[in-house]
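Each remark here refers to the structure printed beneath this line.
The values are calculated or read from the model by the stated rules, or taken from the named source; none is laboratory data. Values in this document were obtained by computation on a predicted structure and should not be read as measured data. Here the Cβ is made from the backbone with ideal geometry for all residues, glycine too, and neighbour counts use every protein chain on show.
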Amino acid sequence: MTRYIAKRFLLMFPTLVAVAVLIFVLVRVVPGDIVELRLVSGGMFVTKEVVEKERIRLGLNKPIWQQFVDWMVGMVRLDLGTSMWTGAPVSQEIAIRLQLSLQLAFMATLIAVVLAVPLGALAAIRRGTWIDYAVQVFSVAGLAVPSFWLGILLILFLLTYFQWLPPLTFTSLWKDPRANLLQLIWPALAVGYRYSAVATRMTRSALLEVLREDYIRTAWSKGLAERVIVRRHALRNALLPVVAVIGLEFAFLIGGLVVTEQVFNLNGIGKLFVEAISRRDYTLIQGLMLLVAFAYVAVNLVIDLLYAWLDPRITYG
Amino acid sequence: MSTRRSGGRTVRSAGLAFLVGILVIGLLASPIPAQAPKPGGTLTYVVSAEPPSFDAHRETTFAMLHPIRPHYNLLVKFDMPNYPKVVGDLAENWTISQDGLTYTFRMRRGVQFHDGSPLTSRDVKASYDKIIFPKGDVVSVRQATYEMVEKIEAPNPTTVVFRLKWPSPSFLANLASPFNWIYKADILEKEPRWYERNVMGTGPFKFVEYVRGSHWAGVRNENYFVSGRPYLDGYRALFIRAVAAQVAAVRSGQALIEFRGFTPAQRDDIVKALGDKVVVQEGGWLCNLLVVFNVNRTPFSDARFRRALTLAIDRWGGSRALSQITLLGPVGGVMRPGSEFATPDSELVRLAGYGRDIGAARAEAKKLLTEARVPEGFEFTLKNRNIPMPYEPAGVFLIDQWRQIGLRVSHVVQETGPYLADLRGGNYEAGIDFSCDFMDEPDVQLHKFISADRSPANYGGYTDRVLDRLFTEQSRTRDPEKRLQLIRQFEKRVLDEKAYQIYVLWWHRIIPHWTKLRGWKMGPAHHLDPDLQDVWIAD
C-alpha cells in the first residue's frame with residue numbers, strides 16, 4: 001500500500017509538468033496583452049514607449065522559450081512567480097483565496113453528503129413509491145437549477161423580505177465563526193443543493209443495483225432486518241461510485257465556482273481565475289491552473305484510497 | 001388578443017417607469033435637510049475593480065483612485081462644488097508669470113506625512129520629477145502630458161517652481177490631475193518603485209489594511225493639516241465586481257455608495273427599494289463612445305463613405321431612447337456637452353450627423369454612398385467590447401442606423417484583450433472606441449484625433465497634418481476665444497469634413513447613494529471624486 005501511494009505521488013510530477021507546458025502555451029495563444037489592458041483599456045492616452053517599457057519590465061519581450069525556462073526554474077524552487085497585474089507573489093494571491101474556497105467546498109460537500117446519502121438510499125429502498133418520486137423531483141430540480149441562479153434567488157429573498165444581505169467580506173472561521181458562517185452558509189446551500197442532486201441520483205442507482213445482488217438476496221433469506229441489510233451489506237458497496245462523484249465535484253469546487261462567487265461577492269479562487277484570465281495575467285493563470293490540476297490529482301488519489309477502505313476486496317499491491 | 005395584452009403590458013410598464021421617474025425627480029428635487037457636519041462613523045463604499053498597484057503615477061484606472069486617493073494630497077485640485085475651478089491642496093497659493101512660462105507655488109506649512117515627517121517643496125519636486133522625468137524602469141503614464149515642462153525647482157522648503165518651454169493654458173488644470181499624488185522624496189530617492197506596493201502620504205486618512213479581492217481600509221489622520229477634517233473616523237472600500245452584487249450592497253446598506261455610476265435600471269431598483277433613504281445625483285459624464293474607421297481599408301479610406309456613416313445616425317432620437325435603458329445620453333462633439341469648450345446644440349446641428357432632420361441626412365448619406373460606389377447591401381463588421389453597458393446596446397443601435405441606409409453590418413463582440421489588440425493592430429473595419437478622461441480640457445480630449453504617428457490612441461491609422469497643426473495651436477493659445485475657434489475648426493474637420501472618427505453619444509452619470517452620506521458632490525469624472533476629506537455621515 002505504501003509503495004502504491006509513493007508511486008502515485010511520484011506520478012503526480014510528470015502529470016503536473018505536462019499540465020504546466022500545456023497551460024503555458026495555451027495562455028499565450030489567447031489574443032490580448034496584459035500591458036495594453038492595464039494601461040490603455042481605461043481609455044486614457046499612453047505612449048508606445050511607456051507600453052514597451054512596461055512590457056520589458058514584465059519580461060514579455062523575451063523569447064517564449066526563455067519565459068518558459070524562467071518559469072520552470074522558479075517552479076523547481078517552489079516559486080510560482082509574481083502576478084503580472086498586482087506584482088504580489090502568485091502563492092500569496094492564491095493563499096488569500098484558498099481558505100475561503102476550501103471552506104466553501106467542504107461546507108457544500110457536507111451539505112451534499114448529508115442530503116444525498118439518506119435521500120438516495122431512501123429512494124432506492126422505497127423504489128416506485130411517492131417517497132422515490134419526491135426524491136427524484138427534488139434531485140432533478142437540483143440538477144436543472146444552476147447554483148448561481150439559486151444564489152441570486154436567495155439574495156433577492158433575503159434582501160426583499162429581511163432587508164439583509166450576507167456579509168460582503170470574508171472573516172476567518174477561527175476569528176469570528178458567526179460572521180464566517182453567515183457569509184458562507186448561503187453559497188454553500190446554493191452549491192450544495194446542486195451537488196447533492198448529482199450524488200442523490202448516483203446513490204439511488206448504485207444502491208438499486210447492489211440490492212439486486214445475490215448476496216443481498218441471501219441476506220434477506222437469512223431473515224436479516226432491512227436496516228442491517230441496507231446499512232451493513234448494501235450501502236457500503238453502493239458508495240463506491242458515490243465517493244468518486246463526490247471527490248470529483250469537490251475538486252471542481254476548488255476553482256470552478258466562478259459565477260457563484262461573483263453573485264455572493266466571495267473572494268475565492270473562481271473569482272480570481274476570472275480576473276486573471278480577463279487581465280491576461282499569465283503567471284497567475286499558470287499558478288491557478290496548476291493548483292486546480294493538483295487538486296484533481298490529489299482528490300483522485302484520495303478516492304482510490306477510500307475505495308480500498310470501503311471495499312476490502314480492493315488491494316493495491 | 002395578444003396585441004392587446006402586449007399593449008396592456010406596455011401601458012403598465014410605461015406607467016411604472018413614469019412613477020419611478022416621478023419618484024427620482026422628486027428625490028432629486030427634494031433637498032437634503034441642512035445639518036451641521038457630524039464627525040465620526042465609517043464610510044463603506046463599493047469599488048467595482050481593484051488597483052493593479054498603489055502608485056497613481058503609473059496607473060490610469062479609477063480602481064486605484066477610489067480606495068487609495070484618501071491617503072494622499074495633490075499640489076492643486078479641482079474644487080468639486082465649483083468644478084472646473086482649481087484650488088490649492090498642498091499649495092497655499094501660486095503665481096503665473098506674465099509670459100506664462102513660470103508657475104510658482106507657495107506650499108502650506110505644517111503638513112506632515114503619516115509617519116510624522118514634515119512635507120516640503122522637495123517632496124513635490126521629487127514627485128513631479130517622477131511623473132515628468134521618470135528614470136530607469138519607473139513607468140509614468142502621464143509623462144507625455146507634461147512635455148511643455150522644462151524643469152522643476154524647489155528653491156526653498158516652501159516654494160516650488162515649474163518652468164515651461166512654451167505657455168500652456170491647460171497646465172494648471174493638468175497639475176490638478178487626481179493621479180498626481182505627492183510622495184515622500186526620501187523614499188523615492190532610496191527606492192523609486194516603493195510606492196507601487198506601499199502607502200505613505202499626507203492625506204486625510206492613514207492606511208490600515210488591504211485584503212486583495214476583498215477590501216481596503218483607512219483610518220482618520222489625526223494630524224491632518226485641514227482643521228476639523230476629515231469628519232469620518234475611517235472608511236472601507238469593498239471590491240465588488242459583479243454589478244448585481246454592487247446594487248445589492250447598496251440596497252442592503254452594507255455600502256452607502258458606489259462612486260463610478262449605475263444604469264437607469266439599477267438606479268430605479270435602488271430607489272424603489274430604499275425610497276427616501278436614498279438620493280440620486282445625475283449629470284454629464286466625461287466619457288463617450290465613438291466609432292473609429294480603419295482608413296487603410298476600402299471603402300473606409302473614402303471620406304464620402306465615412307460621412308455617409310455618420311449622417312445615417314439619428315443621435316437625437318438615439319439619445320432619447322438609449323438614455324432610458326443605458327448610461328448613454330448627451331449628444332455632443334469633441335468636448336463634453338455642457339463643458340466650457342463644448343459646441344452648443346445650435347452649432348452642433350450643422351455638423352454631419354447632428355442635424356435634426358434625420359430623413360434629409362439619410363437621403364444625403366445614400367447619395368454619398370452612390371458617389372463613393374458603395375453598393376446597396378454592402379457588408380462590413382463592427383468590432384465591439386464584450387462589456388454589456390453601454391457598448392453592446394450602442395453596437396446594436398449603430399447597426400440598426402446603418403441598416404436604414406442599406407448597409408449590412410455584422411456585430412463582432414470581443415473580450416477587451418483581443419478587441420484592443422485588433423484595434424491597435426488595424427485588424428478591423430469599423431470599431432467602437434471610447435474615451436474616459438478626468439477633466440474637460442481640449443488637450444486631453446482632442447489628442448485621440450491627431451495623426452496616428454503622433455497619437456497612439458488614434459486607431460484610425462490616418463495622418464492629417466492640418467489636425468496636428470490645429471491641435472498644437474489650440475494647445476499653446478492662451479486667449480480662450482481664439483482657442484475656442486481653433487477647437488471648432490478641429491471639430492469640424494474630424495467629425496464632419498473627414499469623419500475619421502465619429503461620436504455615438506456621451507455618457508450620463510448616475511449615482512444613487514444613501515441620504516445619510518453628506519458632503520459629497522458628484523463631478524463629471526469618476527476619477528475626480530473621493531478624497532473623502534469633507535464627507536460625513538448624518539444620523
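Which of the residues spanning the range A:53-65 are more than 14 Å from chain B (Cβ to nearest Cβ) and under 29 Å from B:Gln143 (Cβ atoms)? Steps first, please.
As a first pass, look at the range A:53-65 and keep what is more than 14 Å from chain B (Cβ to nearest Cβ): A:62-65.
Within the range A:53-65, A:Lys62, A:Pro63 meet the criteria.
Evaluate the following for B:Asp55: is it closer than 22 Å to B:Gln112 by Cα, buried (at least 22 other Cβ atoms within 10 Å of the Cβ) and in the same structural domain as B:Gln143 (by TED's automatic domain parsing)? Full working, then the answer.
Working: closer than 22 Å to B:Gln112 by Cα: yes; buried (at least 22 other Cβ atoms within 10 Å of the Cβ): yes; in the same structural domain as B:Gln143 (by TED's automatic domain parsing): no.
Here the answer is no, as B:Asp55 does not meet what is asked.
Listed residues A:Leu26, A:Leu78, A:Leu60; which is in a loop (DSSP other than H, G, I, E, B) and farther than 27 Å from B:Asp55 by Cα? First the steps, then the outcome.
Working: A:Leu26 fails: in a loop (DSSP other than H, G, I, E, B); A:Leu60 fails: farther than 27 Å from B:Asp55 by Cα.
Checking each option against the conditions leaves just A:Leu78.
Matching residues to (1) part of a helix (DSSP H, G or I); (2) surrounded by 16 or more Cβ atoms within 10 Å (Cβ to Cβ); (3) within 11 Å of chain B (Cβ to nearest Cβ):
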site: A:Met84; (1), (2), (3): no, yes, yes
site: A:Ile111; (1), (2), (3): yes, yes, no
site: A:Pro118; (1), (2), (3): yes, no, no
site: A:Ile131; (1), (2), (3): yes, no, no
site: A:Ala141; (1), (2), (3): yes, no, no
site: A:Phe157; (1), (2), (3): yes, no, no
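May I ask you to list the residues in the range B:263-284 that are touching a Pro at 6+ places or on another chain (Cβ under 6 Å) and within 23 Å of B:Ala237 (Cβ to Cβ)?
Residues satisfying the conditions are B:Arg267, B:Ile270, B:Val278, B:Val280.
Go through the range B:123-141 and count every residue that is of a type outside the set (Gly, Ala, Ser), within 14 Å of A:Thr47 (Cβ to Cβ) and assigned to a loop (DSSP other than H, G, I, E, B). Don't jump to the end; show me each part of the working.
Let us first name the residues in the range B:123-141 that are of a type outside the set (Gly, Ala, Ser), namely B:123-125, B:128-135, B:137-139, B:141.
Subsequent filtering for residues that are within 14 Å of A:Thr47 (Cβ to Cβ) retains B:131-132, B:134, B:139, B:141.
Then keep just the ones that are assigned to a loop (DSSP other than H, G, I, E, B); that gives B:134, B:139, B:141.
Of the residues in that region, 3 qualify.
May I ask you to verify whether B:Leu382 is at pLDDT 90 or above, outside any strand (DSSP E or B) and either in the same structural domain as B:Ala363 (by TED's automatic domain parsing) or crowded, with 22+ Cβ neighbours inside 10 Å (or both)?
For B:Leu382, the condition - at pLDDT 90 or above, outside any strand (DSSP E or B) and either in the same structural domain as B:Ala363 (by TED's automatic domain parsing) or crowded, with 22+ Cβ neighbours inside 10 Å (or both) - is not met.
Is the range A:100-120 home to any residue that is small (Gly, Ala, Ser), over 30 Å from A:Ile285 (Cβ atoms) and assigned by TED's automatic domain parsing to the domain that holds A:Trp174? I'd like the intermediate steps shown before the answer.
Taking the range A:100-120 and keeping what is small (Gly, Ala, Ser), we get A:101, A:105, A:108, A:112, A:116, A:120.
Right, trim to over 30 Å from A:Ile285 (Cβ atoms) and you get A:116, A:120.
Imposing the further condition that a residue be assigned by TED's automatic domain parsing to the domain that holds A:Trp174 reduces the set to A:116, A:120.
Checked the range A:100-120: at least one residue is small (Gly, Ala, Ser), over 30 Å from A:Ile285 (Cβ atoms) and assigned by TED's automatic domain parsing to the domain that holds A:Trp174.
Answer with yes or no whether B:Ala144 is assigned to a helix (DSSP H, G or I), within 14 Å of another protein chain (Cβ to nearest Cβ) and either under 24 Å from B:Phe438 (Cα atoms) or without any contact (Cβ under 8 Å) to a residue 12 or more places away in the chain (or both).
Spelling it out, B:Ala144 is indeed assigned to a helix (DSSP H, G or I), within 14 Å of another protein chain (Cβ to nearest Cβ) and either under 24 Å from B:Phe438 (Cα atoms) or without any contact (Cβ under 8 Å) to a residue 12 or more places away in the chain (or both).
Please go through (1) within 14 Å of chain A (Cβ to nearest Cβ); (2) more than 30 Å from B:Glu376 (Cβ to Cβ) for B:Glu282 and return the number of the only condition it doesn't satisfy.
Every listed condition holds for B:Glu282 apart from (1).
Out of (1) over 24 Å from A:Ser83 (Cβ atoms); (2) in contact (Cβ under 8 Å) with a residue 60 or more places away in the chain; (3) within 14 Å of another protein chain (Cβ to nearest Cβ), what's the single condition that is false for B:Arg193?
If we test B:Arg193 against (1) over 24 Å from A:Ser83 (Cβ atoms); (2) in contact (Cβ under 8 Å) with a residue 60 or more places away in the chain; (3) within 14 Å of another protein chain (Cβ to nearest Cβ), just (1) comes out false.
Considering only the range B:208-325, give the strands (runs of 3 or more DSSP E) lying wholly within it that have at least 2 residues that are β-branched (Val, Ile, Thr), assigned by TED's automatic domain parsing to the domain that holds B:Asn458 and crowded, with 20+ Cβ neighbours inside 10 Å.
Working: elements: B:215-220, B:234-239, B:278-293.
Strands (runs of 3 or more DSSP E) meeting the threshold: B:278-293.
Here is a yes/no grid of residues against (1) within 14 Å of another protein chain (Cβ to nearest Cβ); (2) in contact (Cβ under 8 Å) with a residue 40 or more places away in the chain; (3) within 25 Å of the chain's Cα centre (by Cα):
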{"site": "B:Trp181", "(1), (2), (3)": "no, yes, yes"}
{"site": "B:Ala185", "(1), (2), (3)": "no, yes, no"}
{"site": "B:Met200", "(1), (2), (3)": "no, yes, no"}
{"site": "B:Phe225", "(1), (2), (3)": "no, yes, no"}
{"site": "B:Arg229", "(1), (2), (3)": "no, yes, no"}
{"site": "B:Ala245", "(1), (2), (3)": "yes, no, yes"}
{"site": "B:Gln254", "(1), (2), (3)": "yes, yes, no"}
{"site": "B:Lys277", "(1), (2), (3)": "yes, yes, no"}
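How many residues, within the range B:423-448, are within 11 Å of another protein chain (Cβ to nearest Cβ) and not in a loop (DSSP other than H, G, I, E, B)?
Restricting attention to the range B:423-448, the residues satisfying the condition of being within 11 Å of another protein chain (Cβ to nearest Cβ) are B:423-425, B:427, B:433-438, B:443-448.
Next, only the ones that are not in a loop (DSSP other than H, G, I, E, B) stay: B:423-425, B:433-436, B:443-448.
Summing the residues that are within 11 Å of another protein chain (Cβ to nearest Cβ) and not in a loop (DSSP other than H, G, I, E, B) in the range B:423-448 gives 13.
Residues in the range B:496-514: is at least one charged (D, E, K, R), closer than 25 Å to B:Ser177 by Cα, buried (at least 19 other Cβ atoms within 10 Å of the Cβ) and modelled with pLDDT of 95 or more?
To start, the set of residues in the range B:496-514 that are charged (D, E, K, R) comprises B:496-498, B:509.
Those still in the list that are closer than 25 Å to B:Ser177 by Cα too: B:509.
From what's left, buried (at least 19 other Cβ atoms within 10 Å of the Cβ): B:509.
Imposing the further condition that a residue be modelled with pLDDT of 95 or more reduces the set to B:509.
Yes, the range B:496-514 contains a residue that is charged (D, E, K, R), closer than 25 Å to B:Ser177 by Cα, buried (at least 19 other Cβ atoms within 10 Å of the Cβ) and modelled with pLDDT of 95 or more.
Give A:Arg8, A:Arg38, A:Arg55 a once-over and let me know the one that is surrounded by fewer than 18 Cβ atoms within 10 Å (Cβ to Cβ), of a type in the set (Lys, Arg) and either more than 24 Å from the chain's Cα centre (by Cα) or over 30 Å from A:Ala295 (Cβ atoms) (or both). Break it down into steps so the answer makes sense when it comes.
Values: A:Arg8 fails: either more than 24 Å from the chain's Cα centre (by Cα) or over 30 Å from A:Ala295 (Cβ atoms) (or both); A:Arg38 fails: surrounded by fewer than 18 Cβ atoms within 10 Å (Cβ to Cβ).
From the options A:Arg8, A:Arg38, A:Arg55, the qualifying one is A:Arg55.
Listed here are the residues, each with its yes/no results for (1) surrounded by 13 or more Cβ atoms within 10 Å (Cβ to Cβ); (2) in the same structural domain as B:Leu309 (by TED's automatic domain parsing); (3) in contact with a strand residue (DSSP E or B) (Cβ under 9 Å, 6 or more places away or on another chain); (4) at pLDDT below 95.
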site	(1), (2), (3), (4)
B:Ala352	yes, yes, yes, no
B:Lys367	yes, yes, no, no
B:Gly406	yes, yes, no, no
B:Leu420	yes, yes, yes, yes
B:Gly425	no, yes, no, yes
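Let's see how each residue does on (1) surrounded by fewer than 20 Cβ atoms within 10 Å (Cβ to Cβ); (2) outside any loop (DSSP other than H, G, I, E, B); (3) within 14 Å of chain B (Cβ to nearest Cβ); (4) at pLDDT 90 or above:
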site	(1), (2), (3), (4)
A:Asn265	no, no, yes, yes
A:Ala276	no, yes, yes, yes
A:Asp304	yes, yes, no, no
A:Tyr316	yes, no, no, no
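Only one of these conditions is not met by B:Arg469: (1) more than 23 Å from A:Leu37 (Cα to Cα); (2) crowded, with 19+ Cβ neighbours inside 10 Å. Which number is it?
Only one criterion in (1) more than 23 Å from A:Leu37 (Cα to Cα); (2) crowded, with 19+ Cβ neighbours inside 10 Å is unmet by B:Arg469, namely (2).
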